[in-house]
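Notes follow once the structure below has been shown.
The values are calculated or read from the model by the stated rules, or taken from the named source; none is laboratory data. It should be emphasised that the depicted structure is a prediction, and the values quoted were computed from it without experimental measurement. Quick reminder, even Gly has a Cβ in these numbers, built from the backbone with ideal geometry, and neighbours come from all protein chains shown. For the accessible areas, the whole protein counts, side chains as well, though only heavy atoms, and no ligand, DNA or RNA atoms are used. Shrake-Rupley method; radii C 1.70, N 1.55, O 1.52, S 1.80 Å.
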Amino acid sequence: LHHRAILPSGHIGRSAASHSIVTLPGLLAERICSSQAIDGSFPSTITSKRRASTDHNACITGLVVRALGYERLPPDLHRARERALDFLETCERSVLPGAFGFWPERSQPGRPGDADDTAIAAVELFRHGRRSLDWLKHVALRILIPFRVRPSDEVRPPWIQAGAFLTWLRPSPA
């Protein structure tokens, strides 16, 4: 979302809210709010050769939270963002606190955390004051970094390069 504004100096430039949903027309804000599920998630569509289906997951919900921005929002969008953050928190994995899965743990018990969902959820929960900077550092250093492919990891397909993050965050057996 890029909007231009005439600045007090008379110059045309990006407005302070150039990346904020606040600048969107009310109809779009209404559509965003009405698309949110009762659990706080936002829908995505999974399309295969045979059919399309709706899915509600941490990745898309986290991206909607990011798109809503960090500024003050009108009350309906603020509530939607708070409910989405609540949903993200339900996706945290009890077996590896700080790791988040694609779906809430209650609906997919036993599934490991996912690197992408962990990164999105962790950053958004921090940015919106739900988690501390120390917690975010813990997630980066103790949850994500250990799941990077090391140069010494020889058993891997050739397209997975050293430094890439593994998708699944499975805790090592004790």
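Overview of results
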quantity	calculated
Space enclosed by the convex hull of the alpha-carbon atoms of the range 120-174, per residue, Å³	109
Residue-level accessible surface for D116, protein heavy atoms, 1.4 Å, Å²	100
Portion, in percent, of the accessible area of the range 23-174 that falls on carbon or sulfur, probe 1.4 Å	58
Protection proxy ranking of 55-65, 103-113, 132-142 - average other beta-carbon atoms within 10 Å, highest first	55-65, 103-113, 132-142
Protection proxy ranking of 144-152, 162-170, 117-125, 35-43 - average other beta-carbon atoms within 10 Å, highest first	117-125, 35-43, 162-170, 144-152
Per residue solvent-accessible surface (Å²) - the range 46-119, probe of 1.4 Å	53
Convex hull per residue volume in Å³, alpha carbons only, for the range 50-174	155
The range 20-112: equivalent-ellipsoid semi-axes (sqrt of 5 x gyration tensor eigenvalues, Cα, Å)	25, 18, 10
Nearest-20 debye value, the range 81-121 charge dipole, Cβ charges on Lys, Arg, Asp, Glu	100
HN-Hα J in Hz across the range 118-123 - Karplus 6.51, -1.76, 1.60, θ = phi - 60°, x for Gly and Pro	4, 4, 5, 4, 4, 5
Nonlocal amide H pairs with D114, under 5 Å, H built at 1.01 Å	F100, G101, F102, L169
